[in-house]
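A.B. asks: Would you mind keeping the following structure in view while I ask a few things?
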Amino acid sequence: MYILFNRLIFDTEDLIVAQATDLGLHLHFAGDQNPVRIWCGEDEADAMLQELFAILQGQGMAAAPESRPEYDLDDDELAALDYASDAGYHWIARDKDGKIFCYQRQPEKVGSEYQDSHTPDPRRMDSSWFSEITFEGGPICIDYLLLDQ
């Protein structure tokens, strides 16, 4: 879903991280190496971040977790994610049976598996990898996983 936010139109599904700093609001989007920066003061950036969060909550795309989940990925997992990202896959999800796949768009839960109609051939990953990614936890954006690595 596209939204208009502070003179910027973007697809909310592409937003990975929004961060308020003393230099302004930084928005990181899937597939982009550099963040979009909205230059402003720290107080204004905090207010804009809260406004954006409220918009995403209203769409059912955000929730206030107790803490940010930690993902401890080894070199093989990171390389596989990097390769998948370069091939156009942006989401990863584990089915209830333990199989894990990469998708081009955010998949939806259908019964005991995840599906994305825009991904005709989901990329299967080694089921023993990505132990932090669970069926119950839902899909994770690959760029988010690679962001701090």
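Since every read-out is calculated from the coordinates, none of them should be taken as a lab result. In this text, all values refer to a predicted model and were calculated from it rather than measured experimentally. Note: ideal-geometry Cβ built from the backbone for every residue, glycine included; neighbour counts use all protein chains shown.
A.B. asks: Tell me, what ³J(HN,Hα) does each residue in region 88-98 have, in order and in whole Hz, if you take phi through Karplus 6.51 cos²θ - 1.76 cosθ + 1.60 with θ = phi - 60° and put x for Gly and Pro?
C.D. replies: These are the phi-based 3J(HN,Hα) values: x, 8, 10, 9, 9, 8, 9, 6, 4, 7, x Hz.
A.B. asks: Return one number: the angle in degrees, 0 to 90 and rounded to the nearest 10, between the long axis of the Cα atoms of helix 42-58 and the longest principal axis of the Cα atoms of the chain.
C.D. replies: That helix lies at roughly 50 degrees to the long axis.
A.B. asks: Helix 75-86: angle to the longest alpha-carbon principal axis of the chain, degrees 0 to 90, nearest 10?
C.D. replies: Computed tilt is about 70 degrees.
A.B. asks: I need the calculated FRET efficiency for the pair Ser127 and Arg7, taking r as the beta carbon distance and R₀ as 25 Å, to the nearest 0.05.
C.D. replies: So the FRET efficiency works out to roughly 0.05.
A.B. asks: Hey, what's the per residue convex hull volume over the C-alpha atoms of the chain, in cubic angstrom?
C.D. replies: Once divided by residue count, the hull of the chain is 124 Å³.
A.B. asks: Report the gain in length on full extension from Asp74 to Glu108: 0.36 nm times residue separation, minus Cα-Cα distance, nm rounded to one decimal.
C.D. replies: 9.6 nm is the gain from fully extending Asp74 to Glu108.
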